[in-house]
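Accompanying notes for the structure given below.
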Amino acid sequence: MGDKTLITTNGEVSVNRAQKEKAVKALAKTFDESETIVLARNEGLTVAQMTDLRAKMREAGGQIKVVKNRLAQRAIQESKFKSLDGMFTGPVVMASSETPVAAAKVTYEFAKENKKFVIFGGGMGETKLDESGVEALAKLPTLDELRGKLIGVISAPAQRMATIMQAPASQLARVMQAYADKG
């Protein structure tokens, strides 16, 4: 048996068993490597819009796949996302990312701009999310944003100390005397 793709009489593409198994393994790998999955419906996006979404997701470290529901349902059974099994109905676009908020942020922002892209759920690890859960996740700061805030908090005392050290000696003496008077 070769890897031939057949087009049935009703125009659907028929894929052989080996191709299906390969697709299931690829989806299972995606589920294993992802921290977050976002599920949406493409209700008429153009190819250019989908290409734009894929580029934005790739830039954020995630990926977009249009999935075949039966294959996704088979692949998800052994993963931490098995609670999403019943959500794979109708045309499904799946966004995934290895970081907790990347897929949610990119798809949420894209859906705000494109009304034909409708988020209906997803998951973060074993936690199943509805549309509002995906939105809440999208509004969380990214790891890089949190790092920036942490560095700002840590560096603030050092900046204050540098300011004090640059003050004239008389001002420094007054600050030291004030600390001595407190303690």
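The values are calculated or read from the model by the stated rules, or taken from the named source; none is laboratory data. Everything numeric in this text was worked out from a predicted model, so none of it was measured. No Cβ is skipped: glycine too gets one built from the backbone with ideal geometry, and neighbour counts run over all protein chains shown. All accessible areas refer to the heavy atoms of the entire protein, side chains included, with ligands and DNA or RNA removed. Shrake-Rupley method; radii C 1.70, N 1.55, O 1.52, S 1.80 Å.
Answer yes or no: is there a residue in region 73-87 that is open to solvent by less than 40 Å² (accessible area, probe 1.4 Å) and touching a Ser or Thr at 6+ places or on another chain (Cβ under 7 Å).
no
Please determine, by comparing only the residues of region 130-150 that are in contact (Cβ under 8 Å) with a residue 24 or more places away in the chain and of a type in the set (A, V, I, L, M, F, W, C), which one is most open to solvent (accessible area, probe 1.4 Å).
L143
Being modelled with pLDDT under 75 and in a helix (DSSP H, G or I) is the filter here; which residues of region 129-147 pass it?
Of everything in region 129-147, those that are modelled with pLDDT under 75 and in a helix (DSSP H, G or I) turn out to be L143, D144, E145, L146, R147.
Mind checking which residues of region 33-44 are open to solvent by less than 70 Å² (accessible area, probe 1.4 Å) and in contact with a strand residue (DSSP E or B) (Cβ under 7 Å, 6 or more places away or on another chain)?
S34, T36, I37, V38, L39, A40, R41, N42
Got a sec? Which of V92, V67, V47 is more than 14 Å from the chain's Cα centre (by Cα) and open to solvent by less than 10 Å² (accessible area, probe 1.4 Å)?
Values: V67 fails: open to solvent by less than 10 Å² (accessible area, probe 1.4 Å); V47 fails: open to solvent by less than 10 Å² (accessible area, probe 1.4 Å).
None of the others qualify; the one that does is V92.
Residues in region 104-120 that are buried (at least 20 other Cβ atoms within 10 Å of the Cβ) and in a strand (DSSP E or B): how many?
Here the count works out to 2.
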